[in-house]
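Structure first, then comments.
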Amino acid sequence: MKKNVMVCGMAAALAVSLAGCKGMALDGPANGGGTSAAGEGKEASDELYVYNWGEYIDEDVITQFEEETGIRVVYDLFETNEEMYPIIEAGAVTYDVVCPSDYMIQKMVENDLLAEVNFDNVPNISQIDPAYMEMSKAFDPENKYSVPYCWGTVGILYNTKRLEELGVAPPTKWADLWDEKLSGEILMQDSVRDAFMVALKKDGFSMNSTDAEELGQARQALIDQKPLVQAYVIDQVRDKMIGGEAAVGVIYSGEMLYIQEEVANLGLDYTLEYVLPAEGTNLWLDCWVIPKNAKNKENAEKWMDFLCRPEIAKANFEYITYPTPNKGAFDLLDEELKNNKSIFPDTDSLVNCEVFTYLGDEVDSIYNDLWKEVKSN
Amino acid sequence: MSKKLLAAPYLIWMVGFIIIPLALIVYYGLTGRDGAFTFANVVSITTPEHVKALWLSLWLSLISTLICLVLAYPLAMILRNRGVGRGSFIVFIFILPMWMNFLLRTMAWQTLLEKNGVINGILSLLRLPSQSLINTAGAIILGMVYNFLPFMVLPIYNVLCKIDDDTINAARDLGANSVQTLLRIWFPLSVPGVISGITMVFVPALTTFVISNLLGGSKILLIGNVIEQEFTRGSNWHLGSGLSLVLMVFILFSMAVIAKYDKNGEGSAF
């Protein structure tokens, strides 16, 4: 008898929660759209909900912002753009300012999730090098929604000594990652778009390709490469390369300062060099944006303005070590850093580079399926 | 009345953290991106990549479960025969690593197995050729066995402890030799523990994605990895939930097996 009661109760709860979740899915993204900061304009709130990548700000900067403005910052972290998106979309937690990457910003714009930034409140935007405002037009055509924060490239990191031992010349292009002598010595990026970028660029295609034939060729290339790959990793490329685990690895340029420091600190008997592949690569840009349902929009703009201040941007650059698009901050750096080509490459070496664009859900799932085929092969 | 009130926190817990999430999985699993009802997510288990991943997961977790069983049974016998004091100390030693985070312990294996890792370091000291240990199916099995072995030992140990010494003595008195005692007395009486141990190892091994990511270098795609990627990278919660529903069938099946063989809950681990 007791058992029956339990079963009934469970069934009832199930029905209720099913109904509940349907409701949520329907009105999730829509709510909050109309209740943004505009209505509360007079009584300025003293809170700011920030949603950022891990290890992507100098914590002292947050304290300084709080002291200066009296705004209390609630700071949350995400690890991938894909993880961040559904949270903003569902709107259960309303963040005031978020820091996604290029293609994800485009997706958020297209799905009407972002509010336009009132640049009157962000005078320091003038500190951002116009070149990057131009670059961000790839995903934000009118520069209405985003404030550039960090940028960088993806390239090949190689261990000079290990390559010598293997008798392989230092890589200069993506195609070098298909060299059979490098069997078991390659670290690839474990993310769909980055992995396909390598394969597409190798054959001279656009990394934003939607062409079935080009994608098929890239898929085959990745399958051919798989036996040579030691592992598909993301953040571990850095530590594995420092540990001498592999000869070459695909890596984000922002890691280079840390890597060079570590190699020097540990007194290793090999050097790690970074090269921008000749076929061109992914040029990425992370920007601050304001979700449409933000409750403290003006505070978010204060935050953006604060981060664009040259001294602040410099402090952040020193902590994150990813290149800053902030011209004022760049001018404050040492000559040696300014001339570090793996961090601030010459603009003419970036000719073939592209910025990821959002290809739509359907193409995204084609990429995902192809990637699964590569992985399960 | 007061009894009901006391039960309320548990009921809220169950509804909030078990039933509603499960219902959400069912909801997502049986709808498409457009919100319409569909079986497509569940049926997609039949695509070649998914079948391959599922098959590999079943195969690897089966092997790990067998290894765990072979390692755990003699150990549980030894522990039981040691008597309460010393036996429980060894059990304690066995549980001790579980106080550390499972993720950390698996990452420690990475350091051990790496190309320039501890094991290869020792091998090269002994002038033996270095082995490529990490990023193989073997490394994943090792990780599964290492992480889930206590879940096999404890239920078997619990069941063996409950077997009365008199039963064994009676078997001996009646002329059974060691092998006969093992096969006819020990083993049949310990079946509930063995079954519960098997499911407690098999189910987490089948669904793991962390071990295969860390020790397999993401080169080996298990069904857990497929589901994880649909949620975190592919942003297709519907497909991820659909595949989870398929996995749930295996879990329900093993729960049914437990219910059949372990009627009194003797084999529960804790």
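The values are calculated or read from the model by the stated rules, or taken from the named source; none is laboratory data. All figures in this text were calculated on a predicted structure; none of them were measured in a lab. Glycine also receives a Cβ, built like all others from the backbone with ideal geometry; neighbour counts cover every protein chain displayed.
For residue A:15, the stated conditions hold: it is more than 25 Å from residue A:307 (Cα to Cα), of a type in the set (Gly, Ala, Ser) and either at pLDDT 95 or above or not in a strand (DSSP E or B) (or both).
Hey, among A:289, A:248, which residue is modelled with pLDDT of 95 or more and more than 30 Å from residue A:114 (Cβ to Cβ)? Answer to the selection: A:248. Considering only region A:76-124, how many residues are among the small types (Gly, Ala, Ser) and more than 25 Å from residue B:229 (Cβ to Cβ)? Going through region A:76-124 one residue at a time, the tally reaches 1. Counting only helices (runs of 4 or more DSSP H) that sit wholly inside region B:1-113, those with at least 3 residues that are within 12 Å of another protein chain (Cβ to nearest Cβ) are B:2-14, B:20-29, B:48-81, B:102-113.
Annotation note: of A:264, A:313, the sole residue that is part of a helix (DSSP H, G or I) and either in contact (Cβ under 8 Å) with a residue 12 or more places away in the chain or within 21 Å of residue A:195 (Cβ to Cβ) (or both) is A:313. Taking region B:139-258 as the region of interest, the helices (runs of 4 or more DSSP H) fully inside it that hold 1 or more residues being among the small types (Gly, Ala, Ser) and in contact with a helix residue (DSSP H, G or I) (Cβ under 6 Å, 6 or more places away or on another chain) are B:165-173, B:187-207, B:210-216, B:223-232.
Within region A:190-208, the residues that satisfy the criterion of being outside any helix (DSSP H, G or I) and buried (at least 21 other Cβ atoms within 10 Å of the Cβ) are A:190, A:207. Each residue in region A:329-350 was checked for being in a loop (DSSP other than H, G, I, E, B) and surrounded by fewer than 16 Cβ atoms within 10 Å (Cβ to Cβ), and 4 of them qualify. Which one is nearest to residue A:198 (Cα to Cα), of the residues in region A:330-377 that are over 22 Å from the mean Cα position of the chain (by Cα) and within 14 Å of another protein chain (Cβ to nearest Cβ)? Residue satisfying both the conditions and the ranking: A:374.
Of all residues in region A:219-261, those satisfying the criterion of being within 14 Å of residue A:157 (Cβ to Cβ), within 14 Å of chain B (Cβ to nearest Cβ) and assigned to a helix (DSSP H, G or I) are A:236, A:237, A:239, A:240, A:241, A:242. Within region A:353-367, the residues that satisfy the criterion of being surrounded by fewer than 18 Cβ atoms within 10 Å (Cβ to Cβ) and either part of a helix (DSSP H, G or I) or touching a Lys or Arg at 6+ places or on another chain (Cβ under 8 Å) (or both) are A:361, A:362, A:363, A:365, A:366.
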